[in-house]
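Everything below concerns the one structure shown next.
The values are calculated or read from the model by the stated rules, or taken from the named source; none is laboratory data. The structure displayed is predicted, hence computed values, not measured ones. Glycine gets a Cβ as well: all are built from the backbone with ideal geometry, and neighbour counts include every protein chain shown.
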Amino acid sequence: MLKVSKSRGDSPVSIIGAGIAGAWQALLFAQAGYTVTLYERSDAGMTLSTSHWAGGMLAPWCEAETSEPVIGRLGLRSLDLWREHFPNTPFNGSLVVAHARDRADFERFAKLTTGHVRLDAQGVRDLEPSLEGRFRDGLFYAGEGHVDPRRVLPELHQRIAAAGGTVKFSSDAEADDLEDQSPEGIVIDCRGLSARDQQPELRGVKGEMILVETAEIELSRPLRLMHPRWPLYVIPRGDGKFMLGATSIEAEDTGVSVRSALELLGAAYAVHPAFAEARILEFGSGLRPAYPDNLPRITVEKNRIAVNGLYRHGFLLAPALAELTLAHVERGAIDNEVMRCA
Ligand SMILES: Cc1cc2nc3c(=O)[nH]c(=O)nc-3n(C[C@H](O)[C@H](O)[C@H](O)COP(=O)(O)OP(=O)(O)OC[C@H]3O[C@@H](n4cnc5c(N)ncnc54)[C@H](O)[C@@H]3O)c2cc1C
């Protein structure tokens, strides 16, 4: 059972890993009055984190196609927390389209998901004028949002500092050392795949992305294109930049294969031929930390808590997971679907 001193200030909270999971933990604990220190191995550029490479889609309805109901439940709560803490987050929905040959997949996607309205060609054009004449129909998920990880992570780190927390970049931390330094404190391990030394069942699921730039196309929201193997998408990043993502491969190497590059670039070209003239700015990949059931987990063992397994839903789930962790520390609340308490 977790032991917390009566006064919040007396229970320092050390969080290891400033990716999306650790950053949200640090923010909510700092705002609740705890003395928070967030340790991060990477420099402020966060290139060592998986979060740096993510799409940042907040898409609980679309993700229901391939995920368990708990992802939807926590995802919906997270949308509220994103809205509350980052009111400028764009919640202008996401659009799913398919070419005629992938019609069956499109219908299947529509059947397996809720929260959408069907659009005809005119409806698609009204939402995204650049797509005029490209798709005969679409699915619009009006309640979904998206963030740019490379903007929102620094913003989260600044907010943590503004709430009185300390963020230490280029700082490798060990839970045992932190416990020795502060036996009354709480250590929250948010190291993603690096936590495999403590949690050997974690695995990495590789996701590849490409960043391109073109002034020829404008999109206002993430666009998902039906694809037989992966949910491929194009996400506008502003200033004519677009992220093309993402593969999902059971492998732990880094870099982008020729095959994946062809598929991602082909998907963009299929969305609009003008992508053929876009400049490629970056190829990259990240390893999504996943447990065998692909579900997130909060593991509590005495004063040590591990938050991990965010898999392909880190941005969608991190706020709700932080709220659950805080509720456990404050009131002993237990969410049976995601918590394991020793
Ligand atoms: C291509 C791609 C697209 C994705 N798109 C989406 C999406 O659209 N929406 C969504 O919700 N999710 C998406 N994801 C999934 C999401 O990125 C992950 O679920 C999330 O990043 C996991 O976050 P994390 O904080 O657990 O891990 P990480 O982001 O990896 O953070 C862990 C941090 O711990 C640090 N660390 C490790 N060991 C130590 C140590 N000893 N001391 C100090 N620091 C340490 C690391 O440097 C790292 O910064 C995508 C992932 C990929 C790869």
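Just one of the listed residues (A261, A270, A251) is farther than 22 Å from T50 by Cβ and either assigned to a loop (DSSP other than H, G, I, E, B) or in contact (Cβ under 8 Å) with a residue 40 or more places away in the chain (or both), namely A270.
Taken together, the criteria exclude G164 from residues that are surrounded by fewer than 21 Cβ atoms within 10 Å (Cβ to Cβ) and free of Cβ contacts under 8 Å to residues at least 40 places away in the same chain.
Residues that are of a type in the set (A, V, I, L, M), part of a loop (DSSP other than H, G, I, E, B) and either away from the ligand (no atom under 11 Å from the Cβ) or surrounded by fewer than 15 Cβ atoms within 10 Å (Cβ to Cβ) (or both): does the range 16-24 have at least one? No, every residue in the range 16-24 fails to be of a type in the set (A, V, I, L, M), part of a loop (DSSP other than H, G, I, E, B) and either away from the ligand (no atom under 11 Å from the Cβ) or surrounded by fewer than 15 Cβ atoms within 10 Å (Cβ to Cβ) (or both).
Selection within the range 215-235: residues that are surrounded by fewer than 20 Cβ atoms within 10 Å (Cβ to Cβ) and touching a strand residue (DSSP E or B) at 6+ places or on another chain (Cβ under 7 Å). The member of this set that is farthest from W61 (Cα to Cα) is L219. Out of all the residues in the range 104-116, is one or more touching a Phe, Trp or Tyr at 6+ places or on another chain (Cβ under 6 Å) and farther than 30 Å from P319 by Cβ? Scanning the range 104-116 turns up no residue that is touching a Phe, Trp or Tyr at 6+ places or on another chain (Cβ under 6 Å) and farther than 30 Å from P319 by Cβ.
For the range 42-69, a residue qualifies if it is in a loop (DSSP other than H, G, I, E, B), within 6 Å of the ligand (Cβ to nearest atom) and of a type in the set (G, A, S), and the qualifying residues are S42, S49, A54, G55, G56. Sort out which residues of the range 187-228 are free of Cβ contacts under 8 Å to residues at least 60 places away in the same chain and either aliphatic (A, V, I, L, M) or in contact with a Ser or Thr (Cβ under 9 Å, 6 or more places away or on another chain) (or both), and write them in order of number. A215, the sole residue that qualifies.
Could you grab me the full set of residues in the range 262-285 that are surrounded by fewer than 17 Cβ atoms within 10 Å (Cβ to Cβ), within 26 Å of Y311 (Cβ to Cβ) and not aromatic (F, W, Y)?
So in the range 262-285, the residues surrounded by fewer than 17 Cβ atoms within 10 Å (Cβ to Cβ) come out as 262, 266, 269, 273-274, 276-277, 279-283.
So of that shortlist, the ones also within 26 Å of Y311 (Cβ to Cβ) come out as 262, 266, 282-283.
Of everything in the range 262-285, those that are surrounded by fewer than 17 Cβ atoms within 10 Å (Cβ to Cβ), within 26 Å of Y311 (Cβ to Cβ) and not aromatic (F, W, Y) turn out to be L262, G266, E282.
Inside the range 77-89, residues that are surrounded by fewer than 12 Cβ atoms within 10 Å (Cβ to Cβ) and either part of a loop (DSSP other than H, G, I, E, B) or touching a residue at least 40 places away in the same chain (Cβ under 8 Å) (or both) make up a count of 2. Here T214 meets each of (1) within 11 Å of the ligand (Cβ to nearest atom); (2) farther than 15 Å from L28 by Cα with one exception, condition (1).
Only one of F275, F315 is aromatic (F, W, Y), in a helix (DSSP H, G or I) and in contact with a Leu (Cβ under 7 Å, 6 or more places away or on another chain). Can you tell me which?
Numbers: F275 fails: in contact with a Leu (Cβ under 7 Å, 6 or more places away or on another chain).
None of the other options fit; the residue is F315.
The residues of the range 286-310 that are crowded, with 23+ Cβ neighbours inside 10 Å, outside any loop (DSSP other than H, G, I, E, B) and within 8 Å of the ligand (Cβ to nearest atom), listed by number, are G286, R288, P289, V307, N308.
Can you find a residue that is β-branched (V, I, T), in contact with a helix residue (DSSP H, G or I) (Cβ under 9 Å, 6 or more places away or on another chain), closer than 22 Å to V205 by Cβ and modelled with pLDDT of 95 or more anywhere in the range 316-334? No: the range 316-334 contains no residue that is β-branched (V, I, T), in contact with a helix residue (DSSP H, G or I) (Cβ under 9 Å, 6 or more places away or on another chain), closer than 22 Å to V205 by Cβ and modelled with pLDDT of 95 or more.
Would you point out the residue of the range 94-134, among those that are under 28 Å from the mean Cα position of the chain (by Cα), within 17 Å of Y269 (Cβ to Cβ) and at pLDDT below 95, that is surrounded by the most Cβ atoms within 10 Å (Cβ to Cβ)? Per the stated criteria, the residue is A98.
Inside the range 1-13, can you point out the residues that are at pLDDT 95 or above and either farther than 15 Å from K168 by Cα or surrounded by fewer than 24 Cβ atoms within 10 Å (Cβ to Cβ) (or both)? Listed by number, the list holds a single entry, P12.
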